[in-house]
Amino acid sequence: MTEQKQSFGPVMLDIAGVVLTPEEREVINHPNTGAVILFSRNYENPQQITQLINAIRQARQGDILIAVDQEGGRVQRFQTGFTRLPPAARYENEPEIAEIAGWLMATELLAVGVDFSFAPVLDVDCGVSDIIGNRSFSRNAKKATELANEFRRGMRRAGMAATGKHFPGHGAVALDSHLTLPIDSRPFSAINEQDMQPFRQLISEGLEAIMPAHVLYSQVDAQPAGFSTFWMQTVLRGELGFDGVIFSDDLSMEGAAGVGDFPARAALALNAGCDMVLVCNHPRAAQEVLDALPIADNPARERRLQTMRGHFNGNIEALHTSKMWQQAAFLVRDFAQRNS
């Protein structure tokens with residue numbers, strides 16, 4: 001009798017180093033595992049990361065997604081052997097480069113086996129947030145929307161789904177949600193008019209995934225956005241008509257700590273409407289969440305997560321011989337140098 005292939009579970013977790021341990025192989029094959037996110041500590045060079053990704057896929061007796069944060073600027077986990085991308089804010093100087101950079105980022109990751117990067121950032125910079133800052137495409141909502149859309153078009157041309165973050169907008173709070181729970185006290189009308197512009201536009205053009213912010217919008221709801229049925233269901237699914245994947249931000253961040261222990265955080269995020277929760281840099285907590293969540297098929301989640309699969313394009317060596325990659329890499333490197 002053939003063993004049934006496991007579908008995507010609702011948990012994204014991480015691993016410790018550049019090779020898999022036997023314990024990590026077991027965790028990856030847990031029925032509730034659905035994805036692995038890679039960090040700088042997992043990366044040495046393109047050949048090594050390709051082997052690691054192959055090992056992760058082999059450890060899973062079923063579907064699994066591989067993700068990374070590869071925005072550019074100060075958030076680029078893979079560097080040696082990859083084109084160094086400028087911060088998003090730089091593209092305002094030459095908007096036509098944004099689409100090329102999106103394609104370049106995506107095609108290099110696909111060549112080593114990564115399904116998707118958590119990009120683009122759709123936050124509108126309000127001049128107060130160090131954690132967002134130049135990760136935002138612009139302080140102007142209209143311009144941020146246009147540039148993010150160009151970057152996303154490049155990703156799509158390469159064969160990669162996009163994840164807009166951090167809904168409904170992280171750019172108006174000074175505090176870092178990795179370290180504390182930021183509070184945005186603006187009314188819904190102000191957030192809707194400015195911060196949600198990029199999300200609204202990209203959703204209308206088929207954005208595949210969204211990551212909500214670990215931010216409390218105190219005039220709107222009592223829960224941070226990623227744990228809020230109002231933000232996830234009423235606004236995102238209802239008013240904006242979003243039918244893509246909702247990834248929680250990392251449940252290990254302090255911005256998530258106020259809602260309970262790790263299993264409670266995961267349950268609240270999933271009940272609010274997230275399809276997949278991230279538990280990073282905390283193996284014990286990841287195991288607790290995997291064991292605490294019910295094991296159940298979810299056809300809607302499965303359908304959405306299938307859209308995040310990368311359309312792979314050979315290997316990195318073959319990519320580097322292509323004229324398209326050589327031209328794109330030259331343009332982006334020249335642009336980054338001129339705008340450093």
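The values are calculated or read from the model by the stated rules, or taken from the named source; none is laboratory data. Predicted, not measured: the structure shown is a model, and the values here were computed from it. A quick note on method: Cβ atoms are made from the backbone with ideal geometry, for glycine too, and the neighbour counts reach across all protein chains shown.
Within segment 7-19, identify whether any single residue is in contact with a strand residue (DSSP E or B) (Cβ under 9 Å, 6 or more places away or on another chain) and more than 20 Å from Ala285 (Cα to Cα), and answer yes or no. Yes, there is a match, as at least one residue in segment 7-19 is in contact with a strand residue (DSSP E or B) (Cβ under 9 Å, 6 or more places away or on another chain) and more than 20 Å from Ala285 (Cα to Cα). Is it the case that some residue within segment 32-40 is touching a residue at least 60 places away in the same chain (Cβ under 8 Å), farther than 25 Å from Glu302 by Cα, part of a strand (DSSP E or B) and among the β-branched types (Val, Ile, Thr)? Looking through segment 32-40, none of the residues is touching a residue at least 60 places away in the same chain (Cβ under 8 Å), farther than 25 Å from Glu302 by Cα, part of a strand (DSSP E or B) and among the β-branched types (Val, Ile, Thr). Residues that are over 14 Å from the mean Cα position of the chain (by Cα) and farther than 12 Å from Ala336 by Cβ within segment 103-120 comprise Trp103, Thr107, Glu108, Leu110, Ala111, Val112, Gly113, listed in sequence order. Taken over segment 187-220, the criterion of being in a loop (DSSP other than H, G, I, E, B) and surrounded by fewer than 18 Cβ atoms within 10 Å (Cβ to Cβ) is satisfied by Pro187, Glu205, Gly206, Ser218, Gln219. Suppose we filter segment 54-81 for residues that are outside any loop (DSSP other than H, G, I, E, B) and under 18 Å from Ala119 (Cβ atoms); how many remain? Selection size over segment 54-81: 9. When the residues of segment 274-318 are filtered to those that are surrounded by fewer than 18 Cβ atoms within 10 Å (Cβ to Cβ) and among the basic types (Lys, Arg), the one that is nearest to Ser228 (Cα to Cα) is Arg303.
Applying the selection to segment 249-292, what residues are outside any helix (DSSP H, G or I), modelled with pLDDT of 95 or more and under 20 Å from Val36 (Cβ atoms)?
Going through segment 249-292, the residues outside any helix (DSSP H, G or I) turn out to be 249-253, 260-261, 273-282.
Pick out the ones that are also modelled with pLDDT of 95 or more and you get 273-279.
Of everything in segment 249-292, those that are outside any helix (DSSP H, G or I), modelled with pLDDT of 95 or more and under 20 Å from Val36 (Cβ atoms) turn out to be Cys274, Asp275, Met276, Val277, Leu278, Val279.
From the list Arg333, Arg309, the lone residue that is among the charged types (D, E, K, R) and assigned to a helix (DSSP H, G or I) is Arg333.
Take Pro283 and decide whether it is at negative phi and without any contact (Cβ under 8 Å) to a residue 40 or more places away in the chain. Working first, answer last.
Working: at negative phi: yes; without any contact (Cβ under 8 Å) to a residue 40 or more places away in the chain: no.
Considered against the rule, which asks whether it is at negative phi and without any contact (Cβ under 8 Å) to a residue 40 or more places away in the chain, Pro283 comes out as no.
Residues in segment 211-235 that are out of contact with any helix residue (DSSP H, G or I) (no Cβ under 8 Å at 6 or more places or on another chain), of a type in the set (Gly, Ala, Ser) and touching a residue at least 12 places away in the same chain (Cβ under 8 Å): Ser218 only.
When Arg84, Arg153 are checked against the criterion of being touching a residue at least 24 places away in the same chain (Cβ under 8 Å), in a helix (DSSP H, G or I), charged (D, E, K, R) and surrounded by fewer than 24 Cβ atoms within 10 Å (Cβ to Cβ), a single residue qualifies: Arg153.
Residues that are surrounded by fewer than 20 Cβ atoms within 10 Å (Cβ to Cβ), in contact with a helix residue (DSSP H, G or I) (Cβ under 7 Å, 6 or more places away or on another chain) and under 19 Å from Ile37 (Cβ atoms) do occur in segment 165-183.
In segment 96-115 there is no residue that is under 30 Å from Gln6 (Cα atoms), part of a loop (DSSP other than H, G, I, E, B) and free of Cβ contacts under 8 Å to residues at least 60 places away in the same chain. Given the structure, is Arg60 closer than 30 Å to Lys5 by Cβ and in contact with a helix residue (DSSP H, G or I) (Cβ under 7 Å, 6 or more places away or on another chain)? Considered against the rule, which asks whether it is closer than 30 Å to Lys5 by Cβ and in contact with a helix residue (DSSP H, G or I) (Cβ under 7 Å, 6 or more places away or on another chain), Arg60 comes out as yes.
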